[in-house]
1. Less than 14 Å Cβ to Cβ from Asn261, Lys/Arg counted +1 and Asp/Glu -1: what total charge do the surrounding residues give?
2. With a cut-off of at most 16 other beta carbons within 10 Å, and DSSP calling the residue loop, which chymotrypsin sites (Phe, Trp or Tyr not before Pro) in the range 614-645 qualify? Please list them.
3. Of the GluC sites (Glu not before Pro) in the range 146-231, which ones lie in a loop per DSSP and count no more than 12 other C-beta atoms within 10 Å?
4. Assigning unit charges at the beta carbon (Lys, Arg +1; Asp, Glu -1) and nothing else, what dipole magnitude in debye, to the nearest 20, does the chain show about its Cα centre?
5. Going highest first, how would you order 531-542, 253-264, 478-489, 55-66 by mean Cβ packing within 10 Å?
6. Please give the Cα centre distance for the range 594-614 versus the range 360-386, rounded to the nearest Å.
7. Taking the Cα atoms of the range 99-175, what is the range of coordinates along each of the three principal axes, in descending order and whole Å?
8. Report P(r) for the range 353-512: all Cα-Cα distances, bin width 10 Å, range 0 to the bin holding the largest distance, values in whole percent.
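Laboratory data are not the source of any read-out in this text; all were calculated from the coordinates shown. The shown structure was predicted, so the numbers you read here are calculated from the model rather than taken from an experiment. As a convention, Cβ positions derive from the backbone with ideal geometry for all residues, glycine included, and neighbour counts pool all protein chains shown.
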Amino acid sequence: MTGLDAKRILIEDVRPAVDGGLYPIKREVGDRVTVTAAIFRDGHDKLVAWLLSRPVGKKTWNRSPMRCTNPGLDEWAGEFTVGDPGFEEYAIEAFCDQFGSWASDTRKKVEANVDVASDVLEGMAMARRALEWLPKKVQTFVKDQLKAAEAYQDPRARAQVLLAPALVDALSGNPDTATRVQSPVFRVRVDRVGARFAAWYECFPRCCGREKGKHGTFRDVEDRLPEIRKMGFDVLYFPPIHPVGFTKRKGPNNSLVAGKNDPGCPYSIGSSFGGHDAIEPALGTLKDFQRLVKKGAEAGLEIALDFAINCSPDHPYLKAHPDWFSHRPDGTIKFAENPPKKYEDIYPLNFDTPDRAGMWNEMKRVLLFWAEQGVRIFRVDNPHTKPFGFWEWLIAEVQAAFPDVIFLAEAFTRPRVMKALAKLGFTQSYSYFTWRNFKAEIIEYFTELTTPPVCEYMRANLFANTPDIFPTFLQRAGRPGYKIRAVLAATLSPVYGIFQGFELCEGVPVPGKEEYQHSDKYEIRVRDWNAPGNIKDLITRLNHARRDHPALQENENLRFHRADSQHILFYGKSLGPDHLLVAVNLDPFEKHHSWVYVPIADYGFGPADTYQVHDLITNRTYLWKGERNYVELDPHVEPANVFVVRKWVSKEENFDYY
């Protein structure tokens with residue numbers, strides 16, 4: 001009969017998976033991926049399940065056995081380790097365990113004194129058939145056991161030989177092809193560890209000089225490398241470094257008229273000096289940039305570039321590809337708008353152009369050009385205003401050539417759009433952290449980010465500030481507020497960043513807006529990087545703590561704990577023996593205290609046990625006991641504790657004095 005499915009085994013609810021496997025999960029090099037599923041069949045025969053994994057493009061599967069973790073609910077689990085950056089895939093294979101099922105039933109019959117003569121013959125036949133697929137070493141063992149069983153005439157004696165655990169283990173897993181089923185294939189995008197763990201520092205190279213009014217250069221940035229690295233940063237990110245347009249150039253504070261010496265906005269890309277594959281002459285040459293990339297790497301800093309698909313009215317694309325732009329009925333070209341905001345100095349590309357292939361391939365060429373210069377991180381400006389399919393294609397194309405490239409989506413947009421961009425390939429995403437300031441909303445948001453399904457595909461890069469956003473909280477909170485946001489950003493997520501000036505607690509807002517007056521986007525600024533009141537020491541301590549403690553380098557291990565005060569946020573991260581607890585006073589104006597509740601069972605402590613907590617911010621050590629303990633945080637002194645939890649040693653020669 002045709003059209004009848006004789007399948008006896010079902011594989012359901014395979015996890016992790018994103019939208020049922022439509023999109024890949026994300027992991028980092030060397031990660032162990034735990035895969036779970038419900039695997040069951042009709043009747044009571046035993047099952048065997050294997051987890052299959054391989055790099056995409058390989059023909060042969062790596063196979064590892066899965067284990068039944070909950071027989072009553074038919075829950076199974078297995079693990080595999082991902083390798084180099086790129087794509088891997090995984091699936092589950094299950095089939096009936098013929099010999100295991102036979103052994104289980106026969107053992108019951110032996111125990112009940114039931115005749116097993118026929119059963120023994122059946123078991124021996126199964127063992128002989130298994131010789132066709134068993135490894136040679138195991139074949140020898142099975143043959144020896146069959147000879148031992150045949151030496152007995154008594155069926156029960158033969159059964160005892162066949163039911164020996166070693167033989168049952170060797171013969172279980174016989175691939176009964178008649179019952180074999182396989183799940184759909186799922187994918188995992190493997191990125192380098194820097195996709196998950198890094199501290200970013202953003203600066204405009206032109207604002208790294210020392211002379212007021214003088215355009216900074218790449219050589220000026222080189223002079224800042226030791227200081228930035230000393231603070232503990234891993235990534236040095238630049239807004240666009242390309243030639244800035246002259247036509248309709250913006251002046252200070254986004255004014256419509258630029259003075260003779262005003263540098264314009266770097267996001268207005270393109271002039272007679274070139275476009276997206278050229279460098280603003282005032283910054284230096286391509287050779288200077290290559291030197292900076294090398295010097296940065298030597299200092300331990302990776303250079304990241306902005307990829308902004310913006311064109312000034314002077315961009316070479318306007319002459320070479322006029323059909324890439326939107327034209328009004330009067331013949332003028334549409335400039336960028338986000339009503340009521342207008343960007344007269346920027347012409348966006350028209351992604352509905354008939355020359356879609358030409359435009360897409362040009363964007364690919366630009367990214368590959370910079371990748372060839374040593375850039376492996378791109379922060380993408382406003383990706384939510386371009387087609388989803390474009391990003392899915394472009395990211396895949398670039399990562400096929402350079403698998404270690406990281407893409408950060410700067411998309412302050414609706415949740416579904418932000419999540420879709422992450423699913424389609426963006427390595428990291430900006431987040432709503434900027435606007436999460438109170439206890440309940442922080443707990444709700446970060447619980448979502450660090451638990452499935454979101455944590456399987458989205459990595460939130462927490463920027464405490466940006467050139468575009470001067471958060472209301474920082475405008476009002478003063479220096480304590482900068483400290484609070486620094487601690488939250490550095491400890492809630494393994495990847496975070498700041499924009500230059502944050503460490504100086506600087507900033508004057510545009511009245512009524514979350515924007516900076518005298519923003520680096522529109523003028524050249526010179527700073528005293530050691531100005532009084534800076535929080536460089538705190539940032540350094542936080543970044544060193546992140547580097548020293550593996551628990552702070554992970555995302556899914558964030559746990560919020562009880563604190564009685566509504567102003568005190570209390571949370572922890574653990575990885576193996578590394579346990580950290582963080583208490584933050586969210587009020588930048590007043591001192592608050594609270595009872596906090598430590599998950600002592602997770603740390604192996606009992607209710608009467610005393611243990612150490614060492615604060616990495618103040619370098620002080622305290623002895624706590626049991627679950628309930630006390631914190632008091634003055635924002636004008638230090639608004640937070642970052643505790644390392646350790647066992648208390650009672651002998652003075654063993655005490656860790658730090």
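1. Details: positive: Arg206, Lys212, Lys214, Arg249, Lys250, Lys260, Arg525; negative: Glu211, Asp262, Glu523.
For residues surrounding Asn261, the net value is +4.
2. Counting only loop positions with at most 16 other Cβ atoms within 10 Å, none of the chymotrypsin sites (Phe, Trp or Tyr not before Pro) in the range 614-645 qualifies.
3. Numbers: sites: Glu150, Glu202, Glu211, Glu222, Glu227; in loops: Glu211.
Sparse-neighbourhood loop GluC sites (Glu not before Pro): Glu211.
4. The dipole magnitude comes to about 680 debye.
5. Numbers: 531-542: 16.6, 253-264: 14.2, 478-489: 23.5, 55-66: 12.6.
Per-residue mean Cβ counts within 10 Å order the peptides as 478-489, 531-542, 253-264, 55-66.
6. Between the Cα centres of the range 594-614 and the range 360-386 lies a distance of 48 Å.
7. Ordered largest first, the range 99-175 gives principal extents of 35, 25, 18 Å.
8. With a bin width of 10 Å, the distribution comes to 9, 35, 32, 18, 5, 0.
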